[in-house]
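Participant: This is the structure I have questions about; it appears just below.
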Amino acid sequence: MNSNTKHTLVALVEDKPGVLNRVASLFRRRGFNIQSLAVGSSEQPGLSRMTIVVADDSTVVEQVRKQLDKLINVVKVSDITDEDTVARELALIKVKATASTRSEIIQIVDVFRANIVDVALDSLTVEVTGDEDKVESLIKLLRGFGIKEISRTGRIALTRGA
Amino acid sequence: MKKTGAQILCESLIREGVEVIFGILGGAVLPIYDTFPQYPQLRHILVRHEQGAAHAADGYARATGKAGVCIATSGPGAANLVTGIANAYMDSSPLIAITGQVARPFIGKDAFQEADITGITLPITKHNYLVTDAAELAKTVKEAFYIAQTGRPSPVLIDIPRDVQQEEAEFVYPDKVDLPGYKFISQGHPAQIRRAAKAINEASQPVIIAGRGIVISQAYDELKELVEKAQIPLVSTLLGIASFPGNHILNLGMLGMHGTAYANMAVQDADLVIAIGMRFDDRATANTKGFAPHARIIHIDIDPAEIDKNVPADIPIVGDVKTVLKALNQEIESRDHLDWLSQLEQWRYEHPLPDPELVSGERGDELLPQYVIRQIYEATQGDAIIVTGVGQNQMWAAQHFIYTKPNSFISAGGLGTMGFELPAAMGAKVGCPEEMVWCIAGDGGFQMTIQELGTIRQENTAVKIAIINNGYLGMVRQWQELFYGRRYVDTKLWNPDFVKIAEAYDIPGIRVKHREEVVPAVDKAMDYPGPFLLDFLVEPEENVFPMVPPGESLAKTLEVPKGLASLNG
Ligand SMILES: Cc1ncc(C[n+]2csc(CCOP(=O)(O)OP(=O)(O)O)c2C)c(N)n1
Ligand SMILES: [Mg+2]
């Protein structure tokens, strides 16, 4: 891997109080840079799956992986960057909309197979799912209309098949 | 049968083989203390400061190889343990810290003496627990001891709210732990071991760096076999000093910032470094950029995260040092490395450590700290456990005592915690009452935990205390002298008469000012059947050499300036 590419780490962690804090504390104390961290329940009761995106060179990321693995509440952690994966992110984008821009925004949203999930007098809220590039491009296009708020989940990922 | 949380804790500690607990009580641990009389097998030692409890438990753990246990009340008591826990964490010492916590309904309310000790100790423990149910307590203790004592040893903290101590639950001590997220590898990978053996068999200038992992794993015999079979010279880290006999011909002594010149030269010239149970600490490697520039590196350690952390390894082997060395020794061929060894002998001859006898002779009547350390060695013949402070006293103790006995050197290596010496020596003596235990203290560090003289007297713990009294925060003064234009800003100490202090604690002592008084004083201390204090008023501006200046590589080792005295003006 060349240096400073984005690495995706997936960790199965025990679903116990304080576990997120342990992971976050580890990143802070060792000076590792997290780009995003997403966590939610997994297929196994009592275990959550965390997807962590780290942009650093491979030796640092390997150090991150090993340090995470040392946490007692982390059951398994793997770097799936070089594997065949499905990765998605969800973003909610609240964009300014006037009578004259509304239909143009809706067209763009359609092209991206995104959804309008809330309509207000002077704004639309768009929901988009996809890889980061797709989310980024949509945001870029909507910028022109004036973005009021963005909330992104960060990447979640699974390896393909098997 | 139902028992209270406090009883469950005591029963569980007994199941784990605990005999001694160091601590101080307070509101949030009163229920635990109140049950102690029901369990006379548990000896509680009342210390004078919780930092002392943690260091004592740490010293106990290092000397015995078993987990050491300390206990403190919530809030300030728990917070006072923190330095001791951090210290044990850095040196991979198995410590169990038990803290009281405010009762469950008060947690998070900033109640009286509430401190988030699990939050505070997150980065300095291998794991920690806040127990919220008495029924979980036995399982928690079982796990805590297992985690603390297996793999890479480390502190584990158990925080127990006061009402959990009083709550009743069924007591069943589990015989197994169920920790799906905890694993450690004991056996080294056979293919890696084969690669390492091949590299060793092919090397012409190999050197071993021995670390504390050898002591933890008790791999003394395996290490000796490797050294002797393949005739590989050995250097050690500070905490690896007592992993291999100090008087062995192939032992070149400590490497690093205050290592011997010839140890550092060996590493810089080696074509193969075999790093065993060590973590390439910056005090050992100096600047890693210039570290062992010609060498391939074999790195054996039980903690995979140590591999490639500071120095990249060519051949990493993750596993228990003893197990790995056993397997490795099978594949090592006999060698003599005559050229390499004679080169090293020449360096040893040309660049010796200053001989304390000679140095003292040249410098007449001055009482030199190196000489004091050497006389303690002569008197004990190495049959003692040496527990040091931090700073110059620590380095002189490392350089001038000859450690011939496994695990006979205990010191705050990673954290460099002044004040470790006295309570840790006390803990070591409690754990090994048959051993002669010497506390080599700095006059600065000694005053950080001096109050443990009270504990020592109360328990009649027969530690022998040697204060290397230079009237300075000596190591810092040395840096000021060498790197800050001799500006001694706030390193000079006004000291009390330590002998009088000892007397106030009903501990006898002698103040030593002259060379000829050293031997009789040491003999007197050793003959006395209890704790004894020697206050050595040594040459105030003596420096520790050799020294690698901060930021430089091992190649820049400064040796003793010609005629030591000249440097001191
Ligand atoms: C708790 C703590 N505070 C500060 C330091 C920084 N420090 C390192 S060595 C040293 C001087 C130690 O003085 P002393 O105990 O008299 O030992 P000496 O070097 O004189 O032998 C100091 C202040 C430290 N290591 N630990
Ligand atoms: Mg001093």
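Participant: When you look at the Cβ of every residue in B:111-120, what mean number of other chain Cβ atoms sits within 10 Å?
Facilitator: Working: counts 0, 0, 0, 0, 0, 0, 0, 4, 3, 0.
Taking the mean over all residues of the peptide, I get 1.
Participant: On the principal axes of its Cα set, how long, how wide and how thick is region A:86-159? Give whole Å, largest value first.
Facilitator: The Cα atoms of region A:86-159 stretch 44, 20, 18 Å along their principal axes.
Participant: Roughly speaking, what is the stretch gain from residue B:346 to residue B:41, that is 0.36 nm per residue apart minus the C-alpha to C-alpha distance, in nm to one decimal? Present the calculation step by step, with values, prior to reporting the outcome.
Facilitator: Details: separation 305, 0.36 × 305 = 109.80 nm, distance 5.63 nm.
Full-extension gain reported as 104.2 nm.
Participant: OK, next. Please give, to one decimal in nm, the separation of the simple spin-label points placed at residue B:111 and residue B:218, each 7 Å out from Cα toward the Cβ.
Facilitator: 4.3
Participant: What average number of partner chain Cβ atoms lie no more than 10 Å from the Cβ of the residues making up A:6-17?
Facilitator: Values: counts 0, 0, 0, 0, 0, 1, 2, 1, 3, 0, 0, 3.
Mean shielding by partner chains, rounded to a whole number: 1.
Participant: Please state the Cα pair-distance histogram of region B:2-170 with 5 angstrom bins from zero: what percent is in each bin?
Facilitator: Per 5 Å bin, starting at zero, the Cα-Cα P(r) for region B:2-170 comes out as 2, 10, 21, 25, 23, 14, 5, 1, 0 percent.
Participant: Here is a further query. Which residues in region A:48-62 place their backbone N less than 13 Å from a point set 7 Å from the Cα of residue B:314 along the Cα-to-Cβ direction?
Facilitator: Hits in region A:48-62 for residue B:314 at 13 Å: none.
Participant: Using a simple charge model, +1 on the beta-carbon of Lys and Arg, -1 on the beta-carbon of Asp and Glu, nothing else, what dipole does chain B show about its Cα centre, in debye to the nearest 20?
Facilitator: Details: 48 positive and 69 negative charges, 125 e Å.
Roughly 600 debye for chain B.
Participant: If you roll a 1.4 angstrom probe over the protein chains with everything in place, what fraction of the accessible area of region B:2-170 belongs to carbon and sulfur, to the nearest %? Numbers along the way, then the final one.
Facilitator: On the way: 2850 of 5410 Å².
The computed percentage sits at 53.
Participant: Additional query: Mind grabbing the interface size between B and A? I mean buried accessible area, both sides, 1.4 Å probe, in Å² to the nearest hundred. Let's see the in-between values first.
Facilitator: Numbers: alone 21610 and 9530 Å², together 29700 Å².
Buried surface at the B/A interface: approximately 1400 Å².
Participant: To continue, here is another question. Please give the peptides B:405-412, B:126-133, B:521-528, B:57-64 ranked by average Cβ packing (other Cβ atoms within 10 Å per residue), highest first, as a rough proxy for protection. Let's see the in-between values first.
Facilitator: Working: B:405-412: 24.5, B:126-133: 20.6, B:521-528: 16.8, B:57-64: 29.1.
By packing density, highest mean first, the sequence is B:57-64, B:405-412, B:126-133, B:521-528.
Participant: Now for a different question. Classify the protein assembly as shown: rounded, prolate or oblate, from the alpha-carbon gyration tensor (a ≥ b ≥ c, eigenvalue square roots; a/c under 1.5 rounded; otherwise prolate if a/b is larger than b/c)? Mind dumping the intermediate values first?
Facilitator: Values: a/c = 2.00, a/b = 1.47, b/c = 1.36.
Since a/c reaches 1.5 and a/b is larger than b/c, the shape of the protein assembly as shown is classed as prolate.
Participant: Shifting gears a bit: How long are the semi-axes of the equivalent ellipsoid of chain B, defined as square roots of 5 times the Cα gyration tensor eigenvalues? Whole Å, largest first. Intermediate results must be reported in sequence, preceding the final value.
Facilitator: Working: eigenvalues 309, 197, 76 Å².
They are 39, 31, 19 Å, listed from largest to smallest.
Participant: Using unit Cβ charges (K, R positive; D, E negative) and no other charged atoms, how large, in debye to the nearest 20, is the dipole of the protein assembly as shown about its Cα centre?
Facilitator: Details: 71 positive and 91 negative charges, 300 e Å.
Approximately 1440 debye in magnitude.
Participant: Given points 7 Å out from each Cα along the Cα-Cβ axis, report the residue B:484 to residue A:106 separation in nanometres with one decimal.
Facilitator: 7.2
Participant: For region B:317-435, just the Cα set please: Rg and Dmax, both in angstrom.
Facilitator: Computed over the Cα atoms of region B:317-435, radius of gyration and Dmax are 18.6, 54 Å.
Participant: I would also like to ask the following. Accessible area of region B:482-568 with a 1.4 Å probe: how many percent of it is carbon plus sulfur? Before the final figure, lay out the partial values.
Facilitator: Details: 2520 of 4590 Å².
Ligands and nucleic acids excluded, carbon and sulfur give 55 percent.
Participant: Mind scanning A:66/B:326; A:6/B:198; B:464/B:492; B:183/B:556; B:126/B:405 and naming the pairs with a C-alpha gap bigger than 31 Å? Present the calculation step by step, with values, prior to reporting the outcome.
Facilitator: Working: A:66/B:326 26 Å; A:6/B:198 37 Å; B:464/B:492 26 Å; B:183/B:556 41 Å; B:126/B:405 29 Å.
A:6/B:198; B:183/B:556, as the Cα separations exceed 31 Å there.
Participant: For region B:1-153, what does the accessible surface come to per residue with a 1.4 Å probe? Please give it in Å². If you can, show how the numbers build up before the last one.
Facilitator: Values: 5050 Å² over 153 residues.
So region B:1-153 comes to 33 Å² accessible per residue, rounded to a whole number.
Participant: Considering only A:78, A:48, A:100, give the residue with the highest GNM mean-square fluctuation for chain A, with springs between Cα atoms whenever their separation is below 10 Å.
Facilitator: Maximum fluctuation in the GNM of chain A, among the listed residues, is at A:100.
Participant: Using a basic spin-label model with each label point 7 Å from the Cα along Cα→Cβ, how many nm lie between residue B:526 and residue A:59?
Facilitator: The answer from the label model is 4.8 nm.
Participant: Please report the spacing between the Cα centers of region B:510-544 and region A:1-67 in Å, no decimals.
Facilitator: What the calculation gives is 54 Å, centre to centre.
Participant: If the label point is 7 Å along Cα→Cβ of residue B:231, which residues in region B:181-214 have backbone nitrogen under 20 Å from it?
Facilitator: Within reach of a label on residue B:231: B:197-209.
Participant: I've got another one for you. Sum -39500 (n - 2.57) across every DSSP H segment of at least 4 residues in chain B, then divide by the residue count to get the 222 nm mean residue ellipticity, nearest 500.
Facilitator: Values: 23 runs with 212 residues, N = 569.
Helix-only estimate at 222 nm: -10500 deg cm²/dmol.
Participant: Set the Förster distance to 25 Å, then compute FRET efficiency between residue B:177 and residue B:135 from the Cβ-Cβ distance, nearest 0.05. Working shown, then result.
Facilitator: Working: r = 16 Å, r/R0 = 0.65.
E between residue B:177 and residue B:135, to the nearest 0.05, is 0.95.
Participant: Per residue of A:65-76, how many C-beta atoms from partner chains lie within 10 Å of its own C-beta, taken as a mean? Can you show the working numbers first?
Facilitator: Working: counts 2, 8, 3, 1, 5, 12, 4, 12, 5, 3, 5, 3.
Taking the mean over all residues of the peptide, I get 5.
The values are calculated or read from the model by the stated rules, or taken from the named source; none is laboratory data. Note that the structure is predicted; figures quoted are calculated from it, not measured. Note that we place each Cβ from the backbone using ideal geometry, even for glycine, and neighbour counts take in every protein chain shown. Accessible surface is based on the protein model in full, side chains and every heavy atom, while ligands, DNA and RNA are left aside. Shrake-Rupley method; radii C 1.70, N 1.55, O 1.52, S 1.80 Å.
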